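Before any comments, here is the structure.
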């Protein structure tokens, strides 16, 4: 398919921009600056006030990958002590990232069956001019898709309640940089920043890809009051929270008062099916010729775009799983080799 090619172009530009900033991540402050610039880029990339596009979610996940990679690079610069608690703290957080991403992958995979069912509908309609009775068959296929849509949202909702909520994903927009975050040459603060920002990004992805409810929406978040202060640290340590809160404020209207999957392409596919169903209901039983080509092409485009986006999100998730495994091994090996010196 050619239509989503612009998505890849934007993603590559986004990753290129992230890579070009990696040279500044030679210090904890460099890591905070990287977070700030990347969050500002996401803020600028978000345009919808009602739904979340697959394009934006790919950028969100790409940013999460970059933040994790930059943290690993930072570890090599800080010369952290062997046998200390910092490695355990990283292992705990990377395990959380792993688990949440697995839940997200399960939710996304639930859409694959829905897409495969929707893709078949236009092919049934190819011979409708010679056999108007096919309209009834298409109506049944659309009804099956609509039932599948309800089923997958209910299953995703259950996954969020049973597997995401216990992980206590909560973005804290009011952070006080305390002395305890200075531990391990500032690594503890950087790890906390990753945990906090990843919680925000996961909340966005959960609303878009899994299920939005009162528990996952931003409507319950308290009023913005970002307080980050420590006389021993520079403003770069706090500016990323300002950028994160701006992003949260911009995105939170999407979930307010809504339930279900907020993914634009998912909603659009549902609307396209409903429009086709309405058209078929009007022409059913009519022996005269009728034109539904526009509705069919619209459905084909919507389902294709959703399917393509889902496939690419799954690829991104699988890549991140590999990165987490590799990073855990690298840091473990780093401690072993350092202890042998």
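Peptides 321-333, 141-153: what's the order by average Cβ count within 10 Å, highest mean first? Write out the running numbers ahead of the final one.
Details: 321-333: 13.8, 141-153: 16.9.
The densest-packed peptide leads the list: 141-153, 321-333.
Pull out the extension gain between residue 44 and residue 165, defined as 0.36 nm times the separation in residues minus the alpha carbon to alpha carbon distance; nm, one decimal.
Numbers: separation 121, 0.36 × 121 = 43.56 nm, distance 2.92 nm.
Taking residue 44 through residue 165 to full extension adds about 40.6 nm, to one decimal.
Using 0.36 nm times the number of residues separating residue 77 and residue 92, minus their current alpha carbon distance, what extension gain do you get? Please list the in-between numbers first.
Values: separation 15, 0.36 × 15 = 5.40 nm, distance 2.10 nm.
Going from the current span to full extension adds 3.3 nm.
Spin-label point model (7 Å from Cα, Cβ direction): what's the residue 139 to residue 333 distance in nm?
Distance between the two pseudo-spin positions: 6.3 nm.
I'd like to compare 84-91, 69-76: which one has the highest average count of other Cβ atoms within 10 Å, and what's the full order after that? Write down the numbers at each step before the final one.
Details: 84-91: 15.8, 69-76: 18.8.
Answer by packing, highest mean first, reads 69-76, 84-91.
At R0 = 25 Å, how high is the FRET efficiency between residue 37 and residue 256 if r is their beta carbon distance? Nearest 0.05 is fine.
On the way: r = 28 Å, r/R0 = 1.11.
Here the calculated transfer efficiency is 0.35.
Provide the gained length on full extension for the span residue 27 to residue 322, in nm with one decimal, where the gain is 0.36 nm per separating residue minus the Cα-Cα distance. Working shown, then result.
On the way: separation 295, 0.36 × 295 = 106.20 nm, distance 2.54 nm.
Additional length available on full extension: 103.7 nm.
What's the ranking of 30-36, 104-110 by average number of surrounding C-beta atoms within 10 Å, highest first?
Values: 30-36: 23.3, 104-110: 19.4.
The densest-packed peptide leads the list: 30-36, 104-110.
Measuring from label point to label point, each 7 Å out along Cα→Cβ, what is the residue 123 to residue 311 span in nm?
For the pair residue 123/residue 311, the computed spacing is 1.4 nm.
Where a number appears in this text, it was derived from the coordinates with a stated rule and is not lab data. All of these numbers come straight from a predicted model, not from anything done at the bench. Positions of Cβ are backbone-derived with ideal geometry, glycine not excepted, and every protein chain shown enters the neighbour counts.
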